Amino acid sequence: MIDPAMIGLVLIGGVVLLLVLGAPISTAIALPSAISMILIMGSDRGAITSAQRMLQGANSFALLAIPLFILAGVIMNSGGIAVRLINLARILVGRSPAPLIQTNVMANTIFGSVSGSAVAAAAAVGTTMTPMQQKEGYDRSFSAAANVASAPAGMLIPPSNTLIVFSLVGGTSVGALFLAGYLPGLLWALGCMVVVYLYSRRHPELRGQPMPPLGEIAKVSLAALPSLGLIVVAIGGIVVGFFTPTEGAAVAVVYSLGLSFIYRTIGVKNLPGILFDACRTSSIVVFLIAVASIMSYVMTFARIPQLLADSLFGWTDSPFLVLLLMMVLLLLIGIVLDPTPAILIFTPIFLPIATAHGVDPVHFGIMMVMNLSIGVISPPSAPVLFIGAQVAKAKLESVIVRLIPFYVMLVIILLLVAFIPEISLTLPRLFGLL
């Protein structure tokens, strides 16, 4: 019988070594997991069982929601919907100081909630807003920092692929998670707007603009209304139980494609490229979920969750300290790993500990996603940060310096969400999903 401690060493050591060597995350998870499985069962049975676990991990009807929502996001990003949402954001911002940056924050929140992707929001909104901001003399680095900091709000506001992944691993309701993400996501956006407002107080030249005529407000609002209708149709149908998350994702694809055809921003000739982009992104996510199934089996055999729980959390019974320690660890994890593999690897470890200390699984899911969302804008592994700096043509170092006030504000909001559960749980309770 192979010693479980040795299996755990092979698994964890292999993952860390491959990540340090720069291997793709999927390879860093798959290779040590398969080797560990072979050590447990032998070469033949280990290889066959690994393949079976991968098939079982990916063979899920609920999992289809992720590639479908990704496809809907790619269609919206290509279909000119971002411009209409940006115009709506400018109307909503009104006469606030630094209006173009506030518009950037608001547009990221709206577009991120519709597309479900922080990277897509930072790229689409940043590409549109950056020339306008530079023309008005805005500081390039601060504009990029505001774009980067506000983009992950869409990871909390549904439809969120990250929340769907957590629901698959944690066994929680997608509808409850979707509703639970609204208030924390809006708090995230509000925190960014507060930082921009405080910045504008020291730069009086960034004064607000007069409100446009009522006719223009009505025209812009009506133009954006069909795009916002996606939230009502797809997310509303999931929350009230009219259809499953997978069916809601399919509705989102049909809705966004029909809208783009009506706008004449997408033609039949554009569909192969759109499908290729969506397929490339989806394959990465689905393969990660598949290989994580092998890792989960090996971790259970090696008793890694129990050993980690005993070593890290065994010295205290205080729910406050346990939750605080988990948040610190998740922040560090989010800096190194992307949200999807982080959720797949660490949810089976942390969720039982959280629930044992009285934390609701839905609340923990929002807290975990919010921690990891801060990670996507934190170097060294920060795809949204890199995209935002590249779009603005700003130096990465200067953008990171400008991000510091946003980091402080987001950590404060994270603490509020973590230690005031009702921020996450009020809406799911109101709709009877808890």
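Regarding region 391-401, can at least one residue be identified that is of a type outside the set (A, V, I, L, M), in a helix (DSSP H, G or I) and buried (at least 22 other Cβ atoms within 10 Å of the Cβ)? No; the residues of region 391-401 include none that is of a type outside the set (A, V, I, L, M), in a helix (DSSP H, G or I) and buried (at least 22 other Cβ atoms within 10 Å of the Cβ). The numbered conditions (1) modelled with pLDDT of 85 or more; (2) farther than 30 Å from Val298 by Cβ; (3) in contact with a helix residue (DSSP H, G or I) (Cβ under 8 Å, 6 or more places away or on another chain) are all true for Val391 except (1).
Consider only pairs whose beta carbons are under 9 Å apart and that are at least six residues apart or on different chains; among these, list those whose first residue lies in region 222-247 and is in the same structural domain as Ile164 (by TED's automatic domain parsing) and within 16 Å of Ile66 (Cα to Cα) and whose second residue is assigned to a loop (DSSP other than H, G, I, E, B) and of a type in the set (S, T, N, Q). What qualifies is Ile238/Thr244.
Among residues of region 12-37 that are touching a residue at least 24 places away in the same chain (Cβ under 8 Å), those with a Cβ under 9 angstrom from a residue that is surrounded by fewer than 22 Cβ atoms within 10 Å (Cβ to Cβ) and acidic (Asp, Glu), sequence gap 6+ or separate chain, pair up as Ile25/Asp338. Yes or no: Gly215 farther than 30 Å from Gly57 by Cβ and part of a helix (DSSP H, G or I)? Taking the combined requirement at face value, the residue satisfies it. Selection over region 292-307 of residues that are over 14 Å from Gln56 (Cβ atoms) and not β-branched (Val, Ile, Thr) gives a count of 7. Here Gly334 meets the list (1) of a type outside the set (A, V, I, L, M, F, W, C); (2) surrounded by fewer than 24 Cβ atoms within 10 Å (Cβ to Cβ); (3) in a helix (DSSP H, G or I) almost entirely, failing just condition (2). Filtering region 257-273 for residues that are in a helix (DSSP H, G or I), in contact with a Lys or Arg (Cβ under 9 Å, 6 or more places away or on another chain) and over 20 Å from Gly175 (Cα atoms) leaves a non-empty set. Could you say whether any residue in region 87-94 is within 22 Å of the chain's Cα centre (by Cα) and either within 30 Å of Val268 (Cα to Cα) or assigned by TED's automatic domain parsing to the domain that holds Pro245 (or both)? Looking for residues that are within 22 Å of the chain's Cα centre (by Cα) and either within 30 Å of Val268 (Cα to Cα) or assigned by TED's automatic domain parsing to the domain that holds Pro245 (or both), one finds at least one in region 87-94, hence yes.
Among the candidates Arg53, Arg45, the residue that is in contact with a Phe, Trp or Tyr (Cβ under 8 Å, 6 or more places away or on another chain) and modelled with pLDDT of 80 or more is uniquely Arg53. Scanning region 176-188 for residues that are surrounded by fewer than 23 Cβ atoms within 10 Å (Cβ to Cβ) and touching a helix residue (DSSP H, G or I) at 6+ places or on another chain (Cβ under 7 Å) returns Tyr182, Leu183, Leu187.
Yes or no, residue by residue, for (1) closer than 20 Å to Leu100 by Cα; (2) outside the structural domain of Ile412 (by TED's automatic domain parsing); (3) of a type in the set (A, V, I, L, M, F, W, C):
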| residue | (1), (2), (3) |
| --- | --- |
| Phe166 | no, no, yes |
| Val169 | no, no, yes |
| Leu186 | yes, no, yes |
| Arg202 | yes, no, no |
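Assess whether Pro361 counts as being touching a residue at least 12 places away in the same chain (Cβ under 8 Å), surrounded by fewer than 23 Cβ atoms within 10 Å (Cβ to Cβ) and either within 19 Å of the chain's Cα centre (by Cα) or not assigned by TED's automatic domain parsing to the domain that holds Ser282 (or both). Criteria met by Pro361.
Checking Gly365, Gly358 one by one, the residue that is farther than 27 Å from Tyr199 by Cα and either acidic (Asp, Glu) or not in a helix (DSSP H, G or I) (or both) is Gly358 and no other. Consider region 56-76 and keep the residues that are of a type outside the set (A, V, I, L, M, F, W, C), in a helix (DSSP H, G or I) and more than 22 Å from Gly112 (Cβ to Cβ). The one that is modelled with the highest pLDDT is Gln56. Scanning region 235-254 for residues that are crowded, with 21+ Cβ neighbours inside 10 Å and either closer than 17 Å to Leu433 by Cβ or among the aromatic types (Phe, Trp, Tyr) (or both) yields Ile235, Ile238, Pro245, Gly248. The criterion of being in contact (Cβ under 8 Å) with a residue 40 or more places away in the chain and either over 21 Å from the mean Cα position of the chain (by Cα) or not in a helix (DSSP H, G or I) (or both) holds for Phe301.
If the condition is being buried (at least 19 other Cβ atoms within 10 Å of the Cβ) and farther than 14 Å from Val362 by Cα, then region 414-434 contributes only Leu414. Every residue in region 24-33 that is surrounded by 15 or more Cβ atoms within 10 Å (Cβ to Cβ) and either out of contact with any Leu (no Cβ under 8 Å at 6 or more places or on another chain) or assigned by TED's automatic domain parsing to the domain that holds Ala290 (or both), please. Answer for region 24-33, where residues must be surrounded by 15 or more Cβ atoms within 10 Å (Cβ to Cβ) and either out of contact with any Leu (no Cβ under 8 Å at 6 or more places or on another chain) or assigned by TED's automatic domain parsing to the domain that holds Ala290 (or both): just Ala30. If you go through region 358-385 and pick out every residue that is modelled with pLDDT under 85, farther than 14 Å from Met155 by Cα and not hydroxyl-bearing (Ser, Thr, Tyr), you end up with 3.
The values are calculated or read from the model by the stated rules, or taken from the named source; none is laboratory data. Please read these numbers as outputs of a predicted model, since none were measured by experiment. Because the Cβ atoms are built from the backbone with ideal geometry, glycine has one as well, and the counts that use them run over all protein chains shown.
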